[in-house]
Amino acid sequence: MSADPKFKNGPLSDLRVLELGTLLAGPFCGQLLGDMGAEVIKIEPPNQGDPMRTWGRQKQGEPSLWWPVVARNKKAITLNMREAEGQSILRDLVKKADFVLENFRPGTMEKWGCGYEELSKINPGLIMIRVSGFGQTGPYSRQAGFGAIGEAMGGLRYVVGDPSTPPSRMGISIGDELAAVHAALGALSALHYREKTGRGQVIDSAIYEAVLNMMESLITEYDKTNYIRERTGAILPNVAPSNVYPTKDGLVLIAANQDTVFGRLCEAMGKPEMAKDERYNNHQARGTNQVELDDKVGQWTKTLTTKDVLAAMDKSGVPAGLIYRAPDMLEDPHFKARDAIVTTDHPHFGKLKMQNVAPKLSATPGGIRTAAPELGQHNKEVYGQLLGLSDERLAELAAAKVI
C-alpha cells in the first residue's frame with residue numbers, strides 16, 4: 001500500500017498538542033504523538049527549560065544526547081505559567097489546540113486556573129492528557145511520584161533481577177515510558193469519542209497503574225492460590241525451555257516453550273524422544289522439570305558455536321537470538337532493512353543516530369521531521385502566527401519574563 005499524500009507527515013498531522021511538564025512521562029507521550037505527525041508545541045519555563053535538555057550521558061559541557069530523541073518533531077516556546085499573564089496566554093493557545101499534555105503533580109494546573117474544568121469551557125472538544133505517579137484521585141494523588149516509585153508499587157521492581165540479589169531496575173525508565181504509552185492510547189481513544197460526539201475528556205494515566213497493567217496474572221495468581229511471584233533471573237517460572245544458554249563462544253537465547261516448537265527443538269538436538277518423555281511432553285510437565293530441562297538444553301548448546309546454534313534453530317523454526325547491545329543493533333541486517341535505526345541531522349551534533357518511529361503504518365507512516373528545538377526557538381512563529389501577537393508585544397512579554 002502506498003503512502004497517502006494528504007497525510008505526508010503522519011496520520012495525526014491535522015492535530016495540535018500543547019505539551020507542558022518536564023522530564024520523561026509526559027514528554028515521551030508527546031514524542032509518540034509527534035512521531036505520528038501531530039504538531040507538538042512544547043511549553044517550557046523561560047531561561048530554564050526542561051531538565052531533560054541536560055540529562056543523560058554526555059560529554060562535559062555538551063548538550064544532552066537524550067534530548068534529541070524525546071524532543072524530536074516538536075516546536076519549543078517559553079511561557080511562565082506561574083504568572084497570571086502566562087496562564088492567560090495558555091488559555092488563548094488552548095482555544096486552538098486538540099490536546100493539552102501535562103505531567104505535573106495533580107492540583108498544579110488547577111492552582112494556575114488551568115484545570116480541565118476551566119479549559120473545557122474555552123474548548124469543549126479539548127482532550128487533556130494527564131500523566132502522574134499515582135493518578136488524579138485517591139489518597140496518594142498529591143504525593144510526588146517518580147517512575148521508580150511507580151515501578152516498585154506496580155509490582156515490577158520486586159520481580160526483576162536474580163533471586164540472590166535485592167530487587168533491580170530495568171536499566172531504562174520503563175515506568176515513565178509505560179505511563180506515556182498508556183496516555184497516548186487513551187488520547188487516541190478519546191479522539192475517536194470526540195469525532196463521534198464533539199466532546200473532549202480527561203486521560204488520567206498513573207505510572208503505578210501502567211506498570212500494574214503489564215503484570216500479567218500476578219494479582220490473580222495470588223488471589224486464587226496465594227502464589228507470590230519472586231525474582232527468577234533469566235527465566236519465567238514454569239515456562240520452559242526459555243532461557244539464555246551457553247555456547248562454545250558466547251550465549252544464545254532460545255524460547256521453545258510451546259509444545260510443537262519444543263518438538264522441533266528436540267529434533268534439532270538429535271533427541272526426538274524427549275518430546276514424548278512424560279517429564280517434558282506438555283507445558284505443565286516442562287514447567288515442573290524446568291531446571292533439569294534447561295540443563296539438558298545447555299549441555300547441547302555448549303557443544304556448538306553460537307553461529308551453529310542459531311543456524312540450527314532457524315532451520316528448525318525455533319525462536320532464538322542474541323542479546324543485543326547498541327553496536328550489535330547498528331550492524332544487524334534486519335535492523336538495516338527495516339530502517340529501525342536512522343541517521344538524523346542535528347544542529348550541534350551533525351549526524352545523529354537514533355531509533356526510528358514505531359509502529360510502521362502502511363498508508364500514513366510517521367517519521368522524524370525536525371530535530372529537537374532550542375529553548376524558545378518557536379516563540380515568534382507560534383505566538384505571532386497562531387495568536388497574532390506583534391513583535392512589540394512579544395518584546396514586552398519577554399521583558400516582563402512572561403515568555
The listed residue being farther than 30 Å from F146 by Cα and small (G, A, S), out of A210, A206, A256:
A256
Being surrounded by 15 or more Cβ atoms within 10 Å (Cβ to Cβ), among the acidic types (D, E) and either assigned by TED's automatic domain parsing to the domain that holds I207 or farther than 30 Å from V244 by Cβ (or both) narrows it down to one residue among E151, E110; which is it?
E151
Tally the residues that are in contact with a helix residue (DSSP H, G or I) (Cβ under 8 Å, 6 or more places away or on another chain) and touching a residue at least 40 places away in the same chain (Cβ under 8 Å), restricting the search to region 117-129.
6
Quick count over region 304-336, residues being over 18 Å from P272 (Cα atoms), among the β-branched types (V, I, T) and surrounded by 12 or more Cβ atoms within 10 Å (Cβ to Cβ), is 2
Within region 86-96, is even one residue among the charged types (D, E, K, R), under 30 Å from E230 (Cβ atoms), in contact with a helix residue (DSSP H, G or I) (Cβ under 8 Å, 6 or more places away or on another chain) and assigned by TED's automatic domain parsing to the domain that holds V382?
no
Residues in region 269-303 that are of a type in the set (A, V, I, L, M) and within 37 Å of the chain's Cα centre (by Cα) total 4
Pairs, please: C-beta under 7 Å, at least 6 apart or cross-chain, first residue within 13 Å of M313 (Cβ to Cβ) and in region 238-253, second among the hydroxyl-bearing types (S, T, Y) and in a strand (DSSP E or B)?
V252/Y245
Considering (1) over 13 Å from G26 (Cβ atoms); (2) at pLDDT 95 or above, say which one S164 fails and leave the rest.
(2)
Return a yes/no flag: does region 205-220 have any residue that is at pLDDT 95 or above, buried (at least 20 other Cβ atoms within 10 Å of the Cβ), assigned by TED's automatic domain parsing to the domain that holds Y116 and within 16 Å of F99 (Cβ to Cβ).
yes
Please give the number of the condition R264 fails out of (1) buried (at least 17 other Cβ atoms within 10 Å of the Cβ); (2) of a type in the set (D, E, K, R); (3) outside the structural domain of K296 (by TED's automatic domain parsing); (4) over 26 Å from the mean Cα position of the chain (by Cα).
(3)
Of the numbered conditions (1) more than 16 Å from the chain's Cα centre (by Cα); (2) in a loop (DSSP other than H, G, I, E, B); (3) of a type outside the set (F, W, Y), M170 fails exactly one; give the number of that condition.
(1)
Inspect region 77-90 for any residue being under 25 Å from the mean Cα position of the chain (by Cα) and not basic (K, R) and give the result as yes or no.
yes
Filter region 308-359 for residues that are under 24 Å from the mean Cα position of the chain (by Cα), touching a residue at least 12 places away in the same chain (Cβ under 8 Å) and assigned to a helix (DSSP H, G or I) and give the result.
M329, L330
Working only within region 360-403, note down all residues that are in a loop (DSSP other than H, G, I, E, B), among the polar types (S, T, N, Q) and within 20 Å of E83 (Cβ to Cβ).
S390
Could you tell me which residue of region 130-167 is nearest to E216 (Cα to Cα), considering only residues that are assigned to a helix (DSSP H, G or I) and touching a helix residue (DSSP H, G or I) at 6+ places or on another chain (Cβ under 6 Å)?
L156
Considering only residues of region 4-34 that are over 24 Å from N123 (Cβ atoms) and in contact (Cβ under 8 Å) with a residue 12 or more places away in the chain, which is nearest to the chain's Cα centre (by Cα)?
F28
Do the conditions hold for L32, that is, is it modelled with pLDDT of 95 or more, buried (at least 21 other Cβ atoms within 10 Å of the Cβ), closer than 28 Å to V211 by Cα and touching a helix residue (DSSP H, G or I) at 6+ places or on another chain (Cβ under 7 Å)?
yes
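The values are calculated or read from the model by the stated rules, or taken from the named source; none is laboratory data. These figures come from a predicted structure and were not determined experimentally. No Cβ is skipped: glycine too gets one built from the backbone with ideal geometry, and neighbour counts run over all protein chains shown.
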